[in-house]
Amino acid sequence: MATVAERIFSGVQPTGNLHLGNYLGAIKRFVELQKDRECIYCVVDLHAITVWQDPDELRRHTREVTAAFIACGIDPKSNIVFNQSQVSGHAELGWILNCVARMGWLNRMTQFKEKAGKDRENVSVGLFTYPTLMAADILLYRATHVPVGEDQKQHLELTRDIAQKFNTDFAPNIAANGHGDGYFPLTEPLIAGPATRVMSLRDGAKKMSKSEPSDFSRINLTDDADAIANKVRRAKTDPEPLPSELEGMKGRPEADNLVGIFAALSDTTKEAVLRDFGGAQFSAFKAALVELSVSKLGPIGAEMQRLMGDPASIDAILKDGAERARVIADQTIRDVKDIVGMVRS
């Protein structure tokens, strides 16, 4: 299979209020991956409109996610940073892959069932075919790896199924067009870190989310030092001191969440955190977590605010990234059209 040695693709939806979970579960990992790999990072605005978005807010949130990428340390010159809708190949390949994917596969997607709820007849078709567009996002760049959270693993498995079916269905044409025994790679997930799934500060059983009514359930990337400190201090815990070993965290979801956050922010493990704080009351642990959180997240929020004050510079980054992304995407679309049997000039 002719493809790059290792290419990373991932995207973030521009739906507002980026928070600690987005940072630890995705963006921090993006920054680490750029050190030694070819990386493509996308603001997936086409995915965002599977549910209605206010147009002005969509533009603002697209720039905000881009600002977060840069503020967290992603280099837009060394990597490709762009918004999805500027590269038409995403939608074009999405349609072709809709014709490869099977209804039964999409019907099994648990995230659609959760988002649609009981009113499935009233949600957009885009929400149902969202996983196919996600597959197109990845395969358009023939990405070999995608950093994903646990909740996205099923979508990546679908991407692999679609890629395999395409490679099988069109095997003779793929070979005839000089691409060996398969055109699309079977993309692998990259799941790592002690806090890839960050939970609510008010309920350790729920994932941290921008849609949670209480702002105290999350730390927003734009929060200032006082807000961060107040939210950490008010985070739900339990009356017992921290254990010295991981085994003692069972049945204590809020404690486990805070330890995981501390571990991820300090680039260590939960075991190491418990060795340092085992036997401590939560008041002492939270004080240390406040200091760590403010030192790590405060500069990010300040830089995001600075970048958001100059939207023209953000748009220039997205324009440059889209132009570079199109070079790769257009070649994939040409190859796929030849393989599928479409006439092109």
Tell me, in nm to one decimal, what length is gained between LYS337 and LYS77 on full extension, where the rule is 0.36 nm per residue of separation less the Cα-Cα distance? 90.6 nm
For segment 1-46, run through the trypsin sites (Lys or Arg not before Pro) and keep only the ones in DSSP coil with at most 11 other Cβ atoms within 10 Å of their Cβ. LYS35
So what's the net charge close to ALA322: Lys and Arg +1, Asp and Glu -1, counting the other residues with Cβ under 12 Å from its Cβ? -2
With bins of 20 Å, the percent of all Cα-Cα pairs of the chain per bin from 0 is 29, 55, 16, 1
Starting from the Cα of ARG60, step 7 Å along the direction of its Cβ; do the same at LYS206; then give the gap between the two resulting points in nm. 2.4
Under the Karplus relation with 6.51, -1.76 and 1.60 and θ = phi - 60°, whole-Hz ³J(HN,Hα) for segment 298-303, x at Gly and Pro, equal x, x, 5, x, 5, 5
For LEU140, net neighbour charge (Lys/Arg +1, Asp/Glu -1) across residues whose Cβ lies under 14 Å away: +2
Output the relative contact order of segment 1-81, whole-number percent, from Cα pairs under 8 angstrom with separation of 6+ residues. 44
Sorted from fewest to most neighbouring beta carbons within 10 Å, what does the list CYS39, CYS72 look like? CYS72, CYS39
Sticking with the crude label model, points 7 Å out along Cα→Cβ, report the distance from TRP105 to ASP238 in nm, one decimal please. 4.2
Normalised by the number of residues in the chain, what is the relative contact order in percent for Cα pairs under 8 Å and 6+ residues apart? 23
Please go through the residue pairs LYS207/LYS231; LYS206/LYS250; LYS118/LYS165 and name each one whose alpha carbons sit more than 21 Å apart in this structure. LYS118/LYS165
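So what's the net charge close to ARG120: Lys and Arg +1, Asp and Glu -1, counting the other residues with Cβ under 13 Å from its Cβ?
Around ARG120, the surrounding residues sum to 0.
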Give me the three principal axis extents of segment 215-306 from the C-alpha atoms, as integers in angstrom, largest value leading. 43, 24, 19
Between ASP330 and LYS153, 0.36 nm times their residue separation minus their Cα-Cα distance comes to what? 61.0 nm
Loop sites in segment 241-345: trypsin sites (Lys or Arg not before Pro), DSSP, at most 13 other Cβ within 10 Å: LYS250, ARG344
Over all Cα pairs of segment 176-234, how is the pair count split among 10 Å bins, expressed in % and running from 0 up to the last occupied bin? 19, 32, 17, 11, 12, 8, 1
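Just so you know, all these numbers are worked out from the coordinates, no wet-lab data involved. Being a predicted model, the structure only gives us computed values, none of them experimental. Cβ sites come from the backbone with ideal geometry, for glycine too, and all protein chains shown count toward neighbours.
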